[in-house]
1. Amide H neighbours of residue 130 under 5 Å, counting only residues 5+ apart in sequence or on other chains, H built in-plane at 1.01 Å?
2. Ranking request for peptides 26-35, 91-100: highest mean number of other beta-carbon atoms within 10 Å first, then the rest in descending order.
3. Between residue 35 and residue 58, what is the label-to-label distance in nm when each label sits 7 Å out along the Cα-to-Cβ direction?
4. Figure the gain on full extension for residue 161 and residue 100 (residue separation times 0.36 nm, minus the Cα-Cα span) and round it to one decimal in nm.
5. From the alpha carbon gyration tensor of the range 55-160, can you work out the equivalent ellipsoid semi-axes (sqrt of 5 times each eigenvalue) and give them in Å, largest to smallest?
6. Would you mind getting me the FRET efficiency between residue 127 and residue 88? Use the beta-carbon distance for r and R0 = 35 Å, nearest 0.05.
7. Can you tell me the length gained on complete extension of the stretch residue 147 to residue 72, counting 0.36 nm per residue apart and subtracting the Cα distance?
8. Rounded to the nearest Å, what's the spacing between the alpha carbon centres of the range 27-71 and the range 95-136? Just the number, please.
Amino acid sequence: MKQTLLALMLILLVLPCLTAQKAEVELELHTELSKDRLIIIVQAPSRGRISLALGAETDLKGANVLVVWVDDMMGIAMGEDHFGTAAQEHKNDMELGGSQDIQVLAGRQNNEMTEVTFAIPLQSEDEHDIVLEAGKSYPLILSCTDSDRPEGNEVKSTRSLLTLN
């Protein structure tokens with residue numbers, strides 16, 4: 001009886017910790033290497049923005065953060081090139097003296113998902129972007145929100161490794 005009671009108490013103590021963790025979400029990512037650029041198709045189970053932090057070892061600091069979304073009012077896919085300035089913060093490259101090195105190619109959205117296709121150069125002139133090379137792997141944080149605003153906190157995220165082939 002004591003063992004059962006102890007096990008039940010342990011479960012009740014651990015359960016709130018498990019439910020309070022950040023939810024992992026599956027985001028679909030497809031890439032294609034072109035001559036001098038990387039084409040990315042990303043899809044998320046959200047009507048908000050999608051962020052990709054390329055080169056993010058443990059957090060956003062120093063990462064090339066690409067933010068894409070489909071505007072709810074106009075239905076147009078949009079994107080911004082950011083740089084990780086702190087563990088959980090990123091700023092638009094242009095605010096930091098850099099350039100917008102993202103070309104949005106297409107986007108679509110419905111009540112359940114957002115999908116955006118965009119391209120970035122393998123080597124940009126911007127010091128806030130990372131140099132990408134075929135055959136190499138890069139740590140990646142993918143995240144999405146339910147808001148189109150390009151600033152704010154991500155509510156769903158996952159980590160991965162992007163290998164360019």
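No lab work stands behind these numbers, since they all come straight from the coordinates. No experiment lies behind these values; they were computed from the predicted model shown. Note that each Cβ is placed from the backbone with ideal geometry, even for glycine, and that neighbours are counted across all protein chains shown.
1. For residue 130, whose amide H was placed from the backbone, the distant partners under 5 Å are 64.
2. By packing density, highest mean first, the sequence is 91-100, 26-35.
3. 4.2
4. 19.6 nm
5. Working: eigenvalues 95, 51, 42 Å².
In descending order the semi-axes read 22, 16, 14 Å.
6. In this case the efficiency is close to 0.95.
7. Result for the pair: 26.1 nm of gain on full extension.
8. Cα centroid to Cα centroid, the span is 7 Å.
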